[in-house]
1. Being outside any loop (DSSP other than H, G, I, E, B), within 16 Å of the ligand (Cβ to nearest atom) and loosely packed, with under 13 Cβ neighbours inside 10 Å is the filter here, so list the residues in region 5-57 that pass it.
2. Restricting the search to region 205-222, which residues are in a helix (DSSP H, G or I) and within 12 Å of the ligand (Cβ to nearest atom)?
3. Can you pull out the residues in region 110-160 that are farther than 17 Å from residue 98 by Cα and not in a loop (DSSP other than H, G, I, E, B)?
4. Out of region 85-103, which residues are among the hydrophobic types (A, V, I, L, M, F, W, C) and outside any helix (DSSP H, G or I)?
5. With the checklist (1) buried (at least 22 other Cβ atoms within 10 Å of the Cβ); (2) assigned to a helix (DSSP H, G or I); (3) away from the ligand (no atom under 13 Å from the Cβ) in hand, flag the one item residue 226 doesn't pass.
6. If we keep just the residues of region 176-204 that are more than 13 Å from the ligand (Cβ to nearest atom) and of a type in the set (Ser, Thr, Tyr), which is surrounded by the fewest Cβ atoms within 10 Å (Cβ to Cβ)?
7. Within region 58-83, work out how many residues are more than 21 Å from residue 128 (Cα to Cα) and part of a helix (DSSP H, G or I).
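Any read-out appearing in this document is the output of simple, stated calculations on the displayed coordinates, not a laboratory observation. From a predicted model like this one, the values you see are computed outputs, not experimental measurements. Cβ sites come from the backbone with ideal geometry, for glycine too, and all protein chains shown count toward neighbours.
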Amino acid sequence: MSVIASNIQRIRDIIDRMHPDHAVAIMAVTKNRTRQEADEAINRGVDLVGENRVQESIAKWIPRPSVPLHLIGHLQTNKVKYAIDHFDAVDSLDSEKIAEQLNRRLAEQSRGTFKVMLQINAGMEESKTGFPPHCDVVRNFLLQASKWPHLEFIGIMALFPRAIDTSEQEKEKVRKLMKETGELWRMCQLEGFPWAPLTTLSMGMSEDYEWAIDAGSTLIRVGTSIFGPR
Ligand SMILES: *Cc1c(COP(=O)(O)O)cnc(C)c1O
């Protein structure tokens, strides 16, 4: 068995052993990985692939992968036109402006709906973009999202401060933020906006996916634990 194959098996085993009461999908994060490495992960059963950069992704993923390909990095407005042609979903919708631009492009091309996720900056870190993890902010944004008929909000992608090599106290803070984000997601889901089914909670990376699954994550984004250090 290849290293990539055994790494994916190990992650699946951990998920199974945790026996969460919901399904957990695995996204292989393939930034800085070759097409060959990425294809190996797909052949070994990851559910989808995620890329951070539009350009890098286009170079790597033509021809397209056999699983859905999502953008998980910040989208610049000048790349919107490439993004809607290339990706199956943009999980990193982090501003009203980008929602406007996506919707406008899709309208111009007479396209149907395009899948997006709302990006939440759970730790409100300066270095990251996204909406604050506040129920009223997120709810209000989703409420007015009906004005973008070409966007379907399929989920929330949440980012957290790195917790590895930090104190127990810092780790506990991240675990708490994850629980709160899980609750925020469930509350917004209950709103029942037809344009925002929010079936997915994308939360957890290599170092913290077990906490994330505990807190309700339905999709983990894993790079290092599949492919090794970058
Ligand atoms: C790089 C990246 C990941 C994967 O990180 P690992 O620690 O390598 O698992 C997940 N999500 C986002 C948004 C990323 O940029």
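1. Matches in region 5-57: 10, 55.
2. 209, 212
3. If the condition is that a residue be farther than 17 Å from residue 98 by Cα and not in a loop (DSSP other than H, G, I, E, B), then 135, 136, 139, 158, 159 are the ones that fit.
4. Once the filter is applied, which keeps residues that are among the hydrophobic types (A, V, I, L, M, F, W, C) and outside any helix (DSSP H, G or I), region 85-103 yields 87, 89, 90, 93.
5. (3)
6. 199
7. 5
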